[in-house]
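Enquirer: First, the structure itself, so that you have it in front of you.
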Amino acid sequence: MKTNGSAIKNIPFEKIARMEFEGDNHVATSTETPMRDDAFELSDEEKIAFIEDRFRDIMETLGLDLNDDSLAGTPHRVAKMFVKEKFKGLDPKNKPDIRAFENKYQYNEMIVEKNITVNSSCEHHFVPIIGKAHVAYISSGKVVGLSKLNRIVDYYARRPQVQERLTRQVAEEIKQTLNTEDVAVVIEAGHLCVNSRGIEDQSSSTVTAEYLGSFKDENKKREFLDYVKMDSKQ
Ligand SMILES: [Zn+2]
């Protein structure tokens with residue numbers, strides 16, 4: 001294994017290597033993303049250097065010649081993309097700072113934010129999950145700026161994910177941030193691991209939903225879904 005003089009070459013490979021393989025078995029085990037105790041011992045820069053070396057090994061194992069101009073920068077590019085973009089939601093330091101404020105308008109109906117872009121990654125294949133989230137809450141006295149709901153979705157999406165867990169994490173975060181029991185989250189997304197490999201079904205998408213508090217009530221649920229549908233007609 002090449003280490004390229006990386007500052008972190010002394011870290012045993014088994015400390016970093018993934019412990020288990022779940023394959024196609026898309027089962028969400030808990031609401032929490034499974035994280036190692038030492039998840040944040042390395043700085044972002046150390047992680048990028050380490051992943052870069054490993055990704056170079058992967059490319060070379062596949063037989064690619066990294067002396068080619070077009071390929072030379074790929075290991076660093078991929079490593080930086082993993083740490084700083086695709087998976088930055090693993091690190092709590094990147095969690096959006098969301099302050100709830102007083103619901104001074106006395107608006108007591110549901111607030112719905114529709115068609116929030118979901119740009120995530122399947123944790124079983126590391127390929128994109130792309131879709132839309134629709135979220136709603138009913139204020140218990142606090143509200144947040146609407147774009148904060150987009151930021152919550154984006155933060156949890158930027159991890160290796162399963163859609164079921166992402167849905168629950170977003171609902172739980174909104175519940176806690178707004179101190180309300182009444183939260184609904186629906187996500188519809190295409191999984192590239194289904195669309196472009198394996199069964200190669202181009203047209204299928206996956207819908208997941210979490211209804212908390214009064215959204216478990218059929219009328220509330222229908223009202224929410226009617227608002228969501230309204231948008232999809234455009
Ligand atoms: Zn997958």
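The values are calculated or read from the model by the stated rules, or taken from the named source; none is laboratory data. Everything numeric here is computed off the predicted structure, so don't read it as measured data. Because the Cβ atoms are built from the backbone with ideal geometry, glycine has one as well, and the counts that use them run over all protein chains shown.
Enquirer: Please go through region 115-137 and give me each residue that is away from the ligand (no atom under 16 Å from the Cβ) and surrounded by fewer than 18 Cβ atoms within 10 Å (Cβ to Cβ), ordered by number.
Expert: Asn115, Thr117
Enquirer: Which of the residues that make up region 168-194 are within 16 Å of the ligand (Cβ to nearest atom) and either among the polar types (S, T, N, Q) or in contact with a Ser or Thr (Cβ under 8 Å, 6 or more places away or on another chain) (or both)?
Expert: Ile187, Ala189, Gly190, His191, Val194
Enquirer: Being modelled with pLDDT of 95 or more, under 27 Å from His191 (Cβ atoms) and touching a Leu at 6+ places or on another chain (Cβ under 7 Å), is that true of even one residue in region 55-67?
Expert: yes
Enquirer: On the basis of being farther than 20 Å from Thr31 by Cβ and either assigned to a strand (DSSP E or B) or under 16 Å from the mean Cα position of the chain (by Cα) (or both), does Asn108 make the cut?
Expert: no
Enquirer: Are any residues in region 195-209 more than 16 Å from the ligand (Cβ to nearest atom) and in contact (Cβ under 8 Å) with a residue 24 or more places away in the chain, and if so, which ones?
Expert: Scanning region 195-209 gives a single hit, Ala209.
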